[in-house]
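The following block contains the structure, expressed as structure tokens.
The values are calculated or read from the model by the stated rules, or taken from the named source; none is laboratory data. Remember, it's a predicted structure, so these values are computed and weren't measured experimentally. For neighbour counting, all protein chains shown are included, and Cβ atoms are generated from backbone atoms with ideal geometry for every residue, glycine included.
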Amino acid sequence: MVRLGQYVERDSWMHRLDGRSKLIFSFSLMICGLLIENIVILTSIILFTILLSFSAKIGREFLKSLKGIFYLVLFAGLIWLLFYRTSLFLGKSENVTVIARYGPFTIDSLGLIYAIRMPLRILIAISIPTLYFMTTTIREFIISLVKLKIPYVIAFTFGLAAQLIFSLGDEFEKIKEAQTARGLSIDEGSLVKRVKNHIPIIVPFTVRSLDLVEQINIALNLKHFNPKKKSLFYKEKSFGINDWIVVVISLFTLFFSISLSLGIYPRFF
Amino acid sequence: MYAVYINDVWFRYEDNIEWTLYDIDMNLKLGTSVGLVGPTGSGKTTLAKIIKGLLKPTRGEVYILGKKIDDYSSIELAKTVGYLFQNPTHQIFSLTVYDEIAFGPRNIGMENIEDRVNKIAEKFGLSDKLSLSPFNLSTGEKERIAIASVLVMEPEILILDEPTLGQDYKNYNIIKQVIYELKKEGKTTVLISHEIDLINSCVDEIIALKNGKIMFLGNKRDFLKNEDILEELSFLDKNFNLVLG
Ligand SMILES: Nc1ncnc2c1ncn2[C@@H]1O[C@H](COP(=O)(O)OP(=O)(O)OP(=O)(O)O)[C@@H](O)[C@H]1O
Ligand SMILES: [Mg+2]
């Protein structure tokens with residue numbers, strides 16, 4: 001099973017990049033995705049991310065883990081198509097042409113645009129962190145945050161949370177298998193029954209989660225973890241020429257997306 | 001008719017490049033007990049999950065009691081093949097030990113559940129714990145509950161994945177006794193374990209895996225006599241002498 005955003009060990013230029021430059025790059029690309037409304041550019045960002053994943057030699061794993069959120073994205077598109085009018089983010093609507101009407105549902109041109117734009121944005125918001133964590137270990141993620149002057153406690157907590165999510169995914173699978181082996185079938189019966197069917201999974205899952213947290217807690221105490229001291233790691237990966245190139249590209253991306261969203265078109269464009 | 005018949009099975013986890021199991025050919029006659037052994041990561045659990053139908057072989061076929069495994073419904077398979085997982089905390093969820101043991105039988109629609117639960121509880125020394133919460137019991141008791149909750153479903157084929165892992169001597173012996181009795185009753189059992197003593201007392205046949213390939217398949221006695229294979233499978237270390245005192 002490929003889990004969304006779990007580190008995949010490969011030898012590629014993306015893996016070798018410093019965690020900081022990758023973080024800055026991911027961040028600016030995500031801001032770009034949020035600011036820009038142009039569907040063509042949004043699509044290009046996604047294609048670009050996919051391209052990057054292949055150049056990091058994890059294309060197959062990356063696409064497979066995105067397949068898992070396919071329905072979520074599809075669902076989001078449908079919701080926007082039908083209900084975008086109720087959105088709080090919406091300004092005054094411009095000239096809208098109605099395309100079709102089925103009972104209470106109206107499909108119009110603006111809805112159609114939202115139905116494409118919003119799923120693209122969700123896809124960007126998920127796929128970029130996914131790519132980041134598939135090419136960066138959690139350990140390096142924490143180090144990067146610390147080096148970027150984020151307080152150690154916060155950095156550490158973020159890292160721990162990320163780690164925990166992956167472990168919990170494993171636990172969930174195992175529990176599901178164990179209960180299926182005893183004849184539990186989740187997808188049977190009425191809606192109420194189906195919800196009830198999940199109890200044999202949720203209870204052990206909660207117990208295991210608390211166990212895990214307690215284990216981590218004990219481990220931290222045993223090692224005299226002190227959030228004020230950041231003595232751990234620091235076998236440095238130095239900030240190389242590639243990293244600087246990535247940072248410059250990031251800044252450019254940021255500049256480009258901000259000016260586009262403000263309606264200022266850079267001269268050279 | 002074989003209890004389990006595996007024909008040229010290859011298996012690869014979805015995201016792996018390498019095969020986890022290569023070219024597995026084996027069969028298990030009804031009423032035999034077989035020990036599935038091998039170093040950690042050799043593919044024992046994977047093979048067991050294929051027999052239980054939790055994983056689908058990438059290539060090859062699996063027959064359970066003469067019927068292709070794909071033709072079983074999930075309830076049928078739950079009835080036919082019992083599976084004890086490596087960690088009992090993955091399955092315990094009920095408020096009482098009684099409910100925990102009765103969960104499987106209720107799922108597959110068994111009758112006389114109360115009698116069955118009481119009988120099995122007695123066998124495992126759990127009779128006085130039936131009304132307690134399973135969460136507060138010791139690891140040994142949890143493991144016993146887990147085994148009982150699988151056995152109570154009376155599966156024709158039983159797979160036990162390291163049932164004595166992390167147990168103290170007393171619990172180990174209780175579990176060993178139960179598995180030994182299963183063998184005497186002629187239950188078809190697949191026992192996965194690193195404990196040579198448990199294997200020695202509780203199985204007739206051995207299937208030894210290493211790096212996903214079958215290294216040895218045959219009689220237990222021949223297996224235990226073969227020092228090279230024992231060494232190869234990390235059951236024996238000729239170069240290691242324990243020095244005490
Ligand atoms: N869900 C999974 N996804 C990918 N690879 C896996 C998965 N589960 C196991 N593996 C890999 O398959 C190989 C065999 O694992 P398996 O759990 O079958 O070994 P095992 O013989 O049961 O080991 P142990 O004695 O430690 O329980 C290992 O290399 C393991 O890393
Ligand atoms: Mg195993």
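Do you know which residues across region B:38-93 are of a type outside the set (Val, Ile, Thr), buried (at least 16 other Cβ atoms within 10 Å of the Cβ), more than 8 Å from every other protein chain (Cβ to nearest Cβ) and outside any loop (DSSP other than H, G, I, E, B)?
Of everything in region B:38-93, those that are of a type outside the set (Val, Ile, Thr), buried (at least 16 other Cβ atoms within 10 Å of the Cβ), more than 8 Å from every other protein chain (Cβ to nearest Cβ) and outside any loop (DSSP other than H, G, I, E, B) turn out to be B:44, B:47, B:48, B:60, B:63, B:77, B:84, B:88.
State which residue is farthest from residue B:72 (Cα to Cα) when the search covers only region B:111-137 and only residues that are hydrophobic (A, V, I, L, M, F, W, C) and at pLDDT 90 or above.
B:132
List the number of the failed condition for residue B:2; all other conditions in (1) within 14 Å of chain A (Cβ to nearest Cβ); (2) more than 16 Å from ligand 2 (Cβ to nearest atom) hold.
(1)
Assess whether residue B:175 counts as being at pLDDT below 90, more than 10 Å from every other protein chain (Cβ to nearest Cβ) and surrounded by 20 or more Cβ atoms within 10 Å (Cβ to Cβ).
yes
Just the residues that are within 14 Å of chain A (Cβ to nearest Cβ) and either within 16 Å of ligand 2 (Cβ to nearest atom) or in a helix (DSSP H, G or I) (or both), please, taken from region B:142-157.
B:142, B:143, B:145, B:146, B:147, B:148, B:149, B:150, B:151
Give the residue, chosen from A:45, A:58, that is closer than 26 Å to residue A:257 by Cα and modelled with pLDDT of 85 or more.
Details: A:58 fails: closer than 26 Å to residue A:257 by Cα.
The unique qualifying residue is A:45.
Could I ask something else about it? Picking from B:224, B:198, B:230, B:182, which residue would you name as being surrounded by fewer than 20 Cβ atoms within 10 Å (Cβ to Cβ), within 15 Å of the chain's Cα centre (by Cα) and not in a strand (DSSP E or B)?
B:182
Then there's this: Would you mention how many residues in region B:201-221 are assigned to a strand (DSSP E or B) and farther than 17 Å from residue B:39 by Cα? Can you show your working first?
Let us first name the residues in region B:201-221 that are assigned to a strand (DSSP E or B), namely B:205-210, B:213-219.
From the residues that got through so far, the ones that are farther than 17 Å from residue B:39 by Cα too are B:205, B:218-219.
Residues in region B:201-221 being assigned to a strand (DSSP E or B) and farther than 17 Å from residue B:39 by Cα: 3 in total.
Looking only at region B:125-141, which residues are among the small types (Gly, Ala, Ser), more than 29 Å from residue B:44 (Cα to Cα) and part of a loop (DSSP other than H, G, I, E, B)?
B:125, B:131, B:133
Could you look through region B:94-113, keep only residues that are more than 7 Å from every other protein chain (Cβ to nearest Cβ) and part of a loop (DSSP other than H, G, I, E, B), and pick out the one that is nearest to ligand 1 (Cβ to nearest atom)?
Filtering region B:94-113 for residues more than 7 Å from every other protein chain (Cβ to nearest Cβ) gives B:94-102, B:105-106, B:109-113.
Filter once more, so that each one left must be part of a loop (DSSP other than H, G, I, E, B): B:94-96, B:109-112.
Working: B:94: 26, B:95: 31, B:96: 30, B:109: 31, B:110: 30, B:111: 35, B:112: 35 Å.
Among them, the one singled out is B:94.
Further question: Restricting attention to region A:1-42, which residues are among the charged types (D, E, K, R) and more than 22 Å from residue A:121 (Cα to Cα)?
Within region A:1-42, A:9, A:10, A:11, A:16, A:18, A:20 qualify.
For region B:233-244, state whether one or more residues are more than 16 Å from ligand 1 (Cβ to nearest atom), assigned to a loop (DSSP other than H, G, I, E, B) and acidic (Asp, Glu).
Yes, region B:233-244 has at least one match.
Out of A:170, A:187, which single residue is within 19 Å of the chain's Cα centre (by Cα), closer than 30 Å to residue B:99 by Cα and of a type in the set (Asp, Glu)?
A:170
While we're on this one: Has region B:168-189 got at least one residue that is closer than 27 Å to residue B:31 by Cβ and within 16 Å of ligand 1 (Cβ to nearest atom)?
No: zero hits.
Can you confirm whether region B:185-192 contains a residue that is among the acidic types (Asp, Glu) and in contact with a helix residue (DSSP H, G or I) (Cβ under 8 Å, 6 or more places away or on another chain)? Spell out the reasoning first.
Applying the first criterion (among the acidic types (Asp, Glu)) to region B:185-192 yields B:185.
Checking which are in contact with a helix residue (DSSP H, G or I) (Cβ under 8 Å, 6 or more places away or on another chain) leaves us with none.
No, the conditions are met nowhere in region B:185-192.
Counting only residues that are among the polar types (S, T, N, Q) and over 13 Å from residue B:212 (Cα atoms), which one in region B:30-80 is farthest from ligand 1 (Cβ to nearest atom)?
To start, the set of residues in region B:30-80 that are among the polar types (S, T, N, Q) comprises B:32-33, B:40, B:42, B:45-46, B:58, B:73-74, B:80.
Cutting the leftovers down to over 13 Å from residue B:212 (Cα atoms) gives us B:32-33, B:58, B:73-74, B:80.
Details: B:32: 21, B:33: 19, B:58: 13, B:73: 24, B:74: 20, B:80: 22 Å.
Filtering first and then ranking leaves B:73.
Identify the single condition in (1) at the interface with chain B (Cβ under 7 Å from one of its Cβ atoms); (2) within 21 Å of residue B:106 (Cβ to Cβ) that residue A:188 does not satisfy, given that it satisfies every other one.
Single failed check for residue A:188: (1).
Can you pull out every residue in region B:12-37 that is in contact with a helix residue (DSSP H, G or I) (Cβ under 7 Å, 6 or more places away or on another chain) and more than 14 Å from chain A (Cβ to nearest Cβ)? I'd like the intermediate steps shown before the answer.
Just the residues of region B:12-37 that are in contact with a helix residue (DSSP H, G or I) (Cβ under 7 Å, 6 or more places away or on another chain), to begin with: B:15, B:20-21, B:24, B:33, B:35-37.
Correct list: B:21, B:24, B:33, B:35, B:36, B:37.
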